[in-house]
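Colleague: I'd like to ask some things about the structure below.
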């Protein structure tokens with residue numbers, strides 16, 4: 001087994017977030033589900049954009065955000081995802097490369113355009129996401145660089161991308177390539193709606209021992225295990241994955257690894273501005289600790305610190321010096 | 001003279017700002033002038049973008065920023081400026097319309113793309129701007145809607161746009177249309193480099209009594225009048241314009257109107273994050289007071305409050321509720 005080139009290589013949606021504050025009333029008027037993520041077509045995206053206030057554009061995408069956090073912490077990372085050959089695609093590619101992450105997936109000519117996520121942020125900092133997947137869903141399995149996948153100590157996959165057919169096939173091949181190379185596979189369940197559509201796939205992967213590190217929030221845990229009881233959910237899932245990490249927003253997070261359990265409180269935040277990317281950055285901190293061989297509790301603490309940074313400002317890419325933050329808080 | 005439809009109608013560059021924090025050392029490495037604005041061609045823009053860290057995109061443009069402030073304060077506004085038919089053009093158009101500003105200039109098909117300004121923000125909050133003008137410099141004089149111009153109580157023009165030929169001709173025609181309709185013409189000198197290239201034009205306009213309200217900062221005042229002495233500069237320029245407003249960054253601002261002078265200190269700011277748009281928002285506050293018939297001192301205070309808001313966050317479009325801020329500070 002050769003030395004890995006990357007600590008983490010991820011496959012995910014290549015999305016630019018379009019973010020604006022809004023009042024709670026607008027969420028109702030537009031018929032949105034507060035705090036949720038919905039896939040929208042081009043017409044719905046146009047209608048929502050017209051209803052949105054002045055916005056700002058910041059690169060996003062769940063797994064890409066996680067890599068941005070990992071890279072900021074000092075990990076070596078690579079990203080695989082599909083942008084179109086357009087201005088938002090250039091923005092995404094620039095931002096991820098400027099974060100120190102290798103990104104070699106060629107842009108896709110023609111329509112549809114690069115994916116965007118219209119994010120309405122209510123005064124409590126909650127984000128309501130509406131994703132137009134565009135080019136991102138056309139990540140072709142024959143474009144997958146299996147050598148690159150095999151060169152990552154951990155392959156990280158986002159559940160969101162399980163929905164479209166081509167990327168799902170690419171991810172299945174990537175899992176095989178990673179496991180054949182003796183690497184670990186980490187997976188985030190992303191959202192309850194993904195589980196409602198592909199829960200059987202996920203359960204099969206887990207039962208077959210294909211997932212080494214599984215990330216979920218408490219809602220996704222409930223959706224996957226079919227129980228609202230947090231402890232019962234943990235008990236049923238944890239024997240099937242070597243490392244299980246479950247976040248619970250302001251109630252902290254828990255992890256179970258081969259029978260050992262650790263829990264952390266949420267890191268205090270002066271004011272929650274925008275929760276977009278909280279789970280993504282929690283995963284970043286946890287994975288950073290994991291690749292460095294840290295204790296389970298310290299991995300969770302790293303996750304909590306990275307998540308606290310991201311929710312204290314707009315956008316799901318870190319702004320503060322994460323390494324300095326960690327040094328300050330963990331020594 | 002018919003009742004004006006708009007408090008302020010502005011002609012300006014239609015720009016999306018691409019902003020990233022950077023260390024002071026990068027400004028030197030890239031050979032940039034700290035705090036300045038430079039026009040760059042496509043190749044230089046690409047090179048600077050490659051050197052820039054992860055960025056965010058926020059609509060900008062000097063006069064457009066001023067209108068966004070005016071609209072947020074409650075003024076009725078319209079904007080004239082040229083975007084291309086591309087994604088950044090859509091972003092600009094969305095943001096200005098979502099700010100409640102009428103914007104009817106059709107987008108321009110084909111190359112070049114929509115203007116962007118690469119803004120490096122150093123830890124002290126200073127911004128160093130590099131503008132690729134793209135489509136913005138092709139605002140065609142024959143596209144100018146003279147009826148709309150005549151329908152604004154004040155026509156506001158940015159000096160930046162005096163540089164390219166077509167928009168300069170459009171602005172000259174707009175000045176004539178506004179004056180023929182008995183409206184006021186406000187002009188911002190924008191930057192010392194513009195004065196170095198077009199100072200003679202500006203002095204001729206001023207001497208001919210074409211400018212009713214003139215905005216400058218102390219550096220532009222010096223460049224236009226040829227003296228570094230602030231008082232001497234004011235003394236030489238103020239007799240030639242009915243209202244002269246000169247900002248001096250953290251040292252406050254002064255205005256002279258028909259012999260009456262008022263001065264204000266800068267509004268205290270907890271922490272300066274990004275000075276982009278400080279002058280633009282000062283002009284917004286001042287003009288808002290002016291169209292409401294407020295006292296010279298109160299106009300300056302409104303300018304100082306709007307400028308303080310804009311420098312306390314990234315981007316040159318207001319984020320806080322400016323009306324609430326003003327009510328809180330001025331009653």
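Colleague: Given q = 0.12 Å⁻¹, what are the Debye log10 I(q)/I(0) values for the range B:150-304, with equal point scatterers placed on the Cα positions and solvent ignored?
Modeller: Debye output, listed in q order: -0.48.
Colleague: If you don't mind, there's one more thing I want to ask. Work out the P(r) tail for the range B:1-103: percent of alpha carbon pairs separated by more than 17 Å, whole number.
Modeller: Tail fraction, whole percent: 59.
Colleague: Additional query: Run through the other copies and list how far each one's label point is from that of residue B:292, in nm with one decimal, shortest first; the point sits 7 Å from Cα along Cα-Cβ.
Modeller: The answer, with the shortest distance listed first, is 5.2 nm.
Colleague: Would the protein assembly as shown count as rounded, prolate or oblate if I go by the C-alpha gyration tensor, calling it rounded below 1.5 in a/c and otherwise prolate when a/b exceeds b/c, oblate otherwise?
Modeller: Taking the square roots of the gyration eigenvalues as a ≥ b ≥ c, the protein assembly as shown is prolate.
Colleague: To continue, here is another question. Between residue B:33 and residue A:173, how high is the FRET efficiency from 1/(1 + (r/R0)^6) when r is the Cβ-Cβ distance and R₀ = 60 Å? Nearest 0.05. Working shown, then result.
Modeller: Details: r = 51 Å, r/R0 = 0.85.
Once rounded, the FRET efficiency stands at 0.75.
Colleague: Using Cα-Cα distances under 8 Å and only pairs 6 or more residues apart, what relative contact order does the range A:6-330 have, in percent?
Modeller: Relative contact order here is 18 percent.
Colleague: To continue, here is another question. Using only the Cα atoms of chain A, build the gyration tensor, take square roots of its eigenvalues as a ≥ b ≥ c, and label the shape rounded, prolate or oblate: rounded if a/c is under 1.5, else prolate if a/b is larger than b/c, else oblate. Present the calculation step by step, with values, prior to reporting the outcome.
Modeller: Values: a/c = 1.34, a/b = 1.13, b/c = 1.18.
Rounded shape, in that the Cα axes give a/c under 1.5.
Colleague: Okay, moving on. As a footprinting exposure proxy, order B:25, B:107, B:136 by other Cβ within 10 Å, with the fewest listed first.
Modeller: Ascending number of Cβ neighbours within 10 Å: B:25, B:107, B:136.
Colleague: Taking only the alpha-carbon positions of the range B:115-212 and ignoring solvent, what does the Debye formula give for the base-10 log of I(q)/I(0) at q = 0.15, 0.17, 0.19 Å⁻¹?
Modeller: -0.67, -0.82, -0.97
Colleague: If you take every DSSP beta bridge whose two residues both sit in the protein assembly as shown, what share of them, in percent to the nearest 5, is antiparallel? Before the final figure, lay out each step's value.
Modeller: Numbers: 43 of 113 bridges.
Percent antiparallel among DSSP bridges in the protein assembly as shown is about 40.
Colleague: Rule-of-thumb check for the range B:178-250: C-alpha Rg over 2.2 N^0.38 Å? Please report the intermediate quantities before stating the final value.
Modeller: Details: Rg = 11.8 Å, N = 73, 2.2 N^0.38 = 11.2 Å.
Relative to the rule-of-thumb radius for its length, the range B:178-250 sits at 1.05.
Colleague: To continue, here is another question. For peptide A:49-62, compute the average count of partner chain beta-carbon atoms within 10 Å of each residue's beta-carbon. Show your work: numbers first, answer last.
Modeller: Working: counts 4, 3, 1, 3, 5, 18, 8, 12, 11, 5, 4, 0, 0, 0.
Partner-chain Cβ atoms within 10 Å, mean over residues of A:49-62: 5.
Colleague: Share of antiparallel DSSP beta bridges in chain A, in percent to the nearest 5?
Modeller: Around 35 percent antiparallel, to the nearest 5.
Colleague: For the protein assembly as shown, what does the helix formula give at 222 nm: sum of -39500 (n - 2.57) over DSSP H segments with n ≥ 4, over the residue count, nearest 500 deg cm²/dmol?
Modeller: So the helix-based figure for the protein assembly as shown works out to -12000 deg cm²/dmol.
Colleague: Any idea how far the Cα center of the range A:93-130 sits from the one of the range A:172-188, in Å?
Modeller: Here the answer is 24 Å between Cα centres.
Colleague: May I pose another question? Rounded to whole Å, give me the distance from the Cα center of the range A:1-32 to that of the range B:287-319.
Modeller: 35 Å
Colleague: Measuring label to label, 7 Å along Cα→Cβ, what does residue A:232 give against each other copy in nm, shortest first?
Modeller: With the label placed 7 Å along Cα→Cβ, residue A:232 yields 8.6 nm.
Colleague: A further question on this structure: What nm distance separates the two modelled labels at residue A:236 and residue B:141, each placed 7 Å from Cα along Cα→Cβ?
Modeller: Between residue A:236 and residue B:141, the simple spin-label model gives 7.5 nm.
Colleague: For a bin width of 10 Å, list the pair-distance distribution of the range A:33-83 built from all Cα-Cα distances, rounded to whole %.
Modeller: Result, from short to long distances: 18, 39, 29, 14, 0 percent.
Colleague: One decimal, nm, shortest first: give the distances between the label point of residue B:145 and those of the same position in the other copies, each label point 7 Å from Cα along Cα→Cβ.
Modeller: With the label placed 7 Å along Cα→Cβ, residue B:145 yields 4.9 nm.
Colleague: Here's something else I'd like to know. Need one value for B:85-97: mean number of C-beta atoms belonging to other chains within 10 Å of its residues' C-beta atoms.
Modeller: That works out to 4 on average.
Colleague: Using the basic label-point model (7 angstrom from Cα toward the beta carbon), what is the residue B:197 to residue A:111 distance in nanometres?
Modeller: With each label point 7 Å from Cα toward Cβ, the separation is 3.8 nm.
Colleague: Also, I was wondering about something else. Quick one: what do you get for the range A:63-183 if you divide its Cα Rg by 2.2 N^0.38 Å?
Modeller: With N residues counted in the range A:63-183, Rg over 2.2 N^0.38 Å equals 1.09.
Colleague: Same structure, new question: Please state the equivalent ellipsoid semi-axes for the range A:223-319: what are the square roots of 5 times the Cα gyration tensor eigenvalues, largest first, in whole Å?
Modeller: 23, 16, 11
Each reported figure results from applying straightforward, stated rules to the coordinates on display, with no laboratory input. Bear in mind the structure is a predicted one, so any value in this text is a computation, not a measurement. Quick reminder, even Gly has a Cβ in these numbers, built from the backbone with ideal geometry, and neighbours come from all protein chains shown.
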